[in-house]
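Values in this text are rule-based calculations from the coordinates and carry no lab data. These numbers come from a predicted model, not from an experiment. When we count neighbours, we look across all protein chains shown, and the Cβ atoms used for this are built from the backbone with ideal geometry, even at glycine.
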Amino acid sequence: MKHKTAAGALACLLLLVTGCSSLSTEDPNYTNPQETAAGTPVPTETAASDTEETAAPDTTDPGADGTVHFLAVGDDLIHTRVYKTAAEHAENGEDYNFGYCYAHVADRIEAADIAFINQETLICGEGYEVTGSNLNFNSPEALGDALIDIGFDVIGIGNNHILDKGEDGLGACLDYWHSQVEAHPGLLVLGAYRDYQDEYDYRITEVNGVKGSPLSFRR
C-alpha cells in the first residue's frame, strides 16, 4: 500500500514538473511578467497610498458619543447701576435691555450643551420694586427673559439673596420662573422650592443620550 502511495506521489510530482516546463523561458511565446516591453522590471508592489482606501470622514454628530459640554456662569448679581444701564439700552418701547451684558460671551453660551447660571438676584415681578443695593435685590422680569433668550438651560436661584424680599417675594419669584418653565420646555430652575415635595421633584434633563439632574449648592 505504501508503494502505491509513493508511486502516486511520484506521478503527481512528474506531472507538476511537466506542467511547469511548459512555461519555460525557452518557449518563443513566453513573456517575462517581471519585464516591460522596454525591459524595465515591473514593480511587484504598489505604494500604500495607491492601494489603501482613504478613511471616510467622521460624520458622527458632536456629542453623540455621550459627551456633554457644560458651561457654568455666576454670580449674576444685578446692582442698581446695571439695571439703570439696561434701561438706557432699551429700544422699541422696552423698559430694559440686558442683552449688552452678555454680548461678549453669547456665542459660548449658545454653543454649550448645558449652560448654567447662578441667578443671584430675585425676579419677583409686578408689585415689587426693582432694587439693586446690598441685601435688597430684585431684578426686572426682562432680566430673566434675556437669560432664556441668550441660551441658558439651567437657572440656579439657591443663594444668600433668596429671601431679600421675604417669604412672599420668594413665592413671587417662583411664580415667575414657573411660568417660564411652562413656556420653555427643557428649561430647569432649581435651588429654591415651595415645599419639600417640590424639592424632591428632581429636575432631570437628557443631552446626547446622557441623563442628569443638576444640583444647586452654595459653599
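Here are the numbers for this structure:
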quantity: Fewest-first sequence of V181, V130, V210 by Cβ atoms within 10 Å of each Cβ; calculated: V210, V181, V130
quantity: At most 11 other Cβ within 10 Å, DSSP loop - GluC sites (Glu not before Pro), the range 112-193; calculated: E126, E129
quantity: Global form of the range 58-139, assessed from the alpha-carbon gyration tensor, a/c cut-off 1.5; calculated: prolate
quantity: Bridge type composition, the range 64-219 - antiparallel percent by DSSP, nearest 5; calculated: 35
quantity: Gain upon complete extension [T80, Y202; 0.36 nm per residue less C-alpha separation]; calculated: 40.5 nm
quantity: Ranked list, fewest to most other Cβ atoms within 10 Å of each Cβ, for T80, T131, T85, T121; calculated: T80, T85, T131, T121
quantity: Theoretical gain in end-to-end length, K211 to L135 [0.36 nm per residue, Cα-Cα removed]; calculated: 23.7 nm
quantity: Least to most buried among I150, I123 (fewest other Cβ within 10 Å first); calculated: I150, I123
